[in-house]
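Chemist: Following this message is one structure expressed as structure tokens.
The values are calculated or read from the model by the stated rules, or taken from the named source; none is laboratory data. Remember, it's a predicted structure, so these values are computed and weren't measured experimentally. Ideal geometry is used to build each Cβ from the backbone, glycine not excepted, and the neighbour counts take in all protein chains shown. Ligands, DNA and RNA are stripped out before the accessible areas are found, and what is left, the full protein with its side chains, is counted by its heavy atoms. Shrake-Rupley method; radii C 1.70, N 1.55, O 1.52, S 1.80 Å.
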Amino acid sequence: MRAAVLRGGRFVEAEVPEPPAPGPGQLLAETLATGICGSDLSAARHTDDFLAASRDSGTEAFLFDPDQDLVMGHELCARVLSPGPWQGRTVVGLPWALDPAATLRTIGYSTRFPGGFGERMTLQEAALIPVPDHVPPRVAALTEPLAVGFGNVARAAPAPGTGAVVLGAGPIGLGATAALVERGVAPVVVSEPSGRRRELAERFGAHVVVNPAMRDPFDAWREASGSGQSLTVYECSGRPGMLNTILHRAPRTTRVLLIGACMTEDTFRPVVGIYKDITVTMCMAYPPEEFEATLRRIADGRVDAESLITGEVGFDGIEEAFAMLASPDDHVKVLVRP
């Protein structure tokens, strides 16, 4: 089948072997649309760090052989090809599959399970959710990144009347912003250097939006919040140095969720957070039911997922798309369409 493969740090269009024949509880599907994720950028640019983090944490789900071609793409929307009740259905799903040893692998970060940068995929039936007929596949593909934001807000379960600072207004940060507003959290302050993404943060309901080069988001929080109001910070940028900045700038007893994945080593001064009694949660898993709930929000029009799409490419345009995404003023979400 045709695919774009990561080979020697670059994406090359090539003919690759078909996905493995579906095992028990698995289905074969054809790719309709796949989003390029920030984690894809990290895995391509910092492959050694990406794999070291998996090995050091004992997480086999993201291990792949860097000397073999890798077909990435986990923000997927596909049409089922396998015979049976799913055949012909358009689906999204949590991007995982079980190998013959029953080890969970992440689709798109697995040498065995190619992702949506290829024409076909083997998917785990239990992870799939049907897409309503009126939702275009290109819009449904936004379910996964938005669900990370919605899901981690659900995990934190902030109460109405509390406040939030969201650092980074990519798809995950925008999902978190919409989730916070949905829960009655106020004020929600969003910090983002990209003008285009700041505009989207306002559309997604943020009460205060700042350019961190011009205004400190924690100063903005102090000006907008009520006396004694509790604060949760959602770090969605994954940029080095952000945790140290939060520890120094956030008020006492702040709760911090690290959602954006910083792939390189980072430095922070723990005692600052200790003295301020700051709680830090490093986030990976979130309630799986939030994935389907996010698709419902998209289908009902409560979340304008389509507004995030700023570009579409074929397999031959992925290398250029990765370069474009290095300039966030130009793009928010680029989709790969076979």
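Chemist: How tilted is helix 171-182 with respect to the longest principal axis of the chain? Cα atoms for both, answer in degrees (0 to 90, nearest 10).
Modeler: The angle comes out at about 60 degrees.
Chemist: Evaluate E = 1/(1 + (r/R0)^6) for residue 82 and residue 277, where r is the Cβ-Cβ distance and R0 equals 45 Å; express this FRET efficiency to the nearest 0.05. Could you put the intermediate results ahead of the total?
Modeler: On the way: r = 53 Å, r/R0 = 1.18.
Efficiency for this residue pair is about 0.25.
Chemist: Given that just one value was derived from the coordinates, which of (1) 6, 28, 37, 22, 6, 0; (2) 5, 20, 25, 20, 15, 11, 5, 0; (3) 6, 26, 34, 23, 9, 2, 0 is P(r) over Cα pairs in 10 Å bins from 0, in percent?
Modeler: The listed entry that was calculated here is (3).
Chemist: Next question, about the same structure. Largest first, how would 276, 333 line up by accessible area (1.4 Å probe)?
Modeler: Output order, biggest surface exposure first: 276, 333.
Chemist: Given a cut-off of under 8 Å on Cα pairs at least six residues apart, what relative contact order in percent is computed for the chain?
Modeler: This gives 18 percent for the chain.
Chemist: Ignoring ligands, DNA and RNA, what percent of the accessible area of segment 145-211 is carbon or sulfur (1.4 Å)?
Modeler: On the way: 890 of 1860 Å².
C and S atoms contribute 48 percent here.
Chemist: Residues of the chain: accessible area per residue at 1.4 Å, in Å²?
Modeler: 43
Chemist: Another question, if that's okay. Can you give the FRET efficiency for residue 101 and residue 304, using 1/(1 + (r/R0)^6), R0 = 41 Å, r = Cβ-Cβ distance, to the nearest 0.05?
Modeler: For R0 = 41 Å, the calculated efficiency reads 0.45.
Chemist: What full-extension length gain, to one decimal in nm, is calculated for residue 239 and residue 133 as 0.36 nm per residue of separation minus the Cα-Cα distance?
Modeler: Length gained, residue 239 through residue 133: 34.4 nm.
Chemist: Quickly rank 146-155, 131-140, 261-270 as a protection proxy: mean count of other C-beta atoms within 10 Å, highest first.
Modeler: Result, highest mean first: 146-155, 131-140, 261-270.
Chemist: In degrees from 0 to 90, rounded to the nearest 10, what is the angle of the helix 47-57 Cα long axis to the longest principal axis of the chain?
Modeler: Once rounded, the angle reads 80 degrees.
Chemist: Could you state the angle between the C-alpha long axis of helix 289-300 and the longest principal axis of the C-alpha atoms of the chain, as a value from 0 to 90 degrees rounded to the nearest 10?
Modeler: Roughly 90 degrees between the two axes.
Chemist: Quickly rank 285-294, 160-169, 179-188 as a protection proxy: mean count of other C-beta atoms within 10 Å, highest first.
Modeler: Result, highest mean Cβ count within 10 Å first: 160-169, 179-188, 285-294.
Chemist: Does segment 174-293 come out rounded, prolate or oblate, given a ≥ b ≥ c as the square roots of the eigenvalues of its C-alpha gyration tensor, rounded meaning a/c under 1.5 and, failing that, prolate meaning a/b above b/c?
Modeler: Rounded, because the longest to shortest axis ratio a/c is under 1.5.
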